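**Student:** Okay, handing you the structure first.
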Amino acid sequence: MILVFGKTGQLATALGKDAGVQCMGREGADLRDPEACAALIARTDARAIINAAAYTDVDGAETETELAHLINAESPAAMARAAAGRGLPFVHISTDYVFDGSGQTPWRESDTPAPATVYGQSKLAGEDAIRAAGGPYAILRTAWVVSATGKNFLRTMLRLSKNHDALRVVNDQRGGPTPAVDLARACLHVARRLTPETSGTYHYSGAPETTWADFAKAIFAQAGKSTEVTGIPSSDYPTPAPRPLNSVLDCRAIHAAFGLSQPDWNAGTAQILSALKETS
């Protein structure tokens, strides 16, 4: 059995469909209580741990700094130490926000982090604590996660298209949309094969790279919608926390270590739209 922290988020929902997984929601493992999370690991009979829970409100973190740090850094640190104490593989999800989003080339694991947001800073602090814990671990940095559940760009575009014939979407932010189902498969694959020798930080996101505007166009094309998309610069859509212009991740290392290839987000989008049709 693999113990998963998280139950209702996009990734945790996808992980929970695996028969060999036990997902723990806030009622069983509140990430606002690091010691309770560590105690759960200390008594579990699981053979691996996946932390799929996080504080993900990028804008909210700018004001809820302490809460973001508690959930994204202190609790993962306590989990990692508890897992290390028992020799349990620990898989943790991180983000492209640990980088500043500059440049044009895909980010490599060896590139120096420089988070420009409180959210990114809290996630980087969590990464550092996990590495220092001393147990077998894998930090999977990802970006632009989408699914048929939860709050994400794909579902937001579909919702807005119901009442708008045209939408303005930023076209100067680049990344690789990542289907939550594929990210879940990657987490489970790594958790079941992780050893001290393969411990480390890895990138995993969808391909090919695109922009938010072009992703929106692809969503509407696959959904059979005629909604017109006009690309705009990020400066026309200001947010409390700046968004990275470059969220493209170099994913060659995880392929070399675990044989995992980047998922095709076009195929993933089709699967998500099919799932949404079934539940509508």
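Where a number appears in this text, it was derived from the coordinates with a stated rule and is not lab data. None of the values given here were measured: they were computed from a predicted structure. When we count neighbours, we look across all protein chains shown, and the Cβ atoms used for this are built from the backbone with ideal geometry, even at glycine.
**Student:** Is it the case that some residue within region 214-236 is touching a residue at least 60 places away in the same chain (Cβ under 8 Å), more than 19 Å from LEU158 (Cα to Cα), aliphatic (A, V, I, L, M) and touching a Phe, Trp or Tyr at 6+ places or on another chain (Cβ under 8 Å)?
**Tutor:** No - not one qualifying residue is present in region 214-236.
Quick grid of which residues meet (1) of a type in the set (Val, Ile, Thr); (2) closer than 25 Å to ALA186 by Cβ; (3) surrounded by fewer than 22 Cβ atoms within 10 Å (Cβ to Cβ); (4) touching a Cys at 6+ places or on another chain (Cβ under 6 Å):
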residue	(1), (2), (3), (4)
GLY60	no, no, yes, no
LEU67	no, no, yes, no
ALA80	no, yes, no, no
VAL98	yes, yes, no, no
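**Student:** Identify all residues within region 100-126 that are buried (at least 17 other Cβ atoms within 10 Å of the Cβ) and among the acidic types (Asp, Glu); write none if there are none.
**Tutor:** ASP100
**Student:** Just to be sure before I move on: is ILE130 within 13 Å of the chain's Cα centre (by Cα), surrounded by 20 or more Cβ atoms within 10 Å (Cβ to Cβ) and among the aliphatic types (A, V, I, L, M) in the structure I sent?
**Tutor:** In short, no.
Yes/no matrix, rows are residues, columns are (1) touching a Leu at 6+ places or on another chain (Cβ under 8 Å); (2) outside any helix (DSSP H, G or I):
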| position | (1), (2) |
| --- | --- |
| ASP182 | no, no |
| ARG192 | no, no |
| ALA218 | no, no |
| GLN222 | yes, no |
| SER235 | no, no |
| PRO240 | no, yes |
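Table: residues versus (1) crowded, with 19+ Cβ neighbours inside 10 Å; (2) of a type outside the set (Val, Ile, Thr); (3) under 24 Å from ILE130 (Cβ atoms).
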{"site": "LEU194", "(1), (2), (3)": "yes, yes, yes"}
{"site": "THR211", "(1), (2), (3)": "no, no, no"}
{"site": "PRO233", "(1), (2), (3)": "no, yes, no"}
{"site": "SER247", "(1), (2), (3)": "yes, yes, yes"}
{"site": "TRP265", "(1), (2), (3)": "yes, yes, no"}
{"site": "ALA275", "(1), (2), (3)": "no, yes, no"}
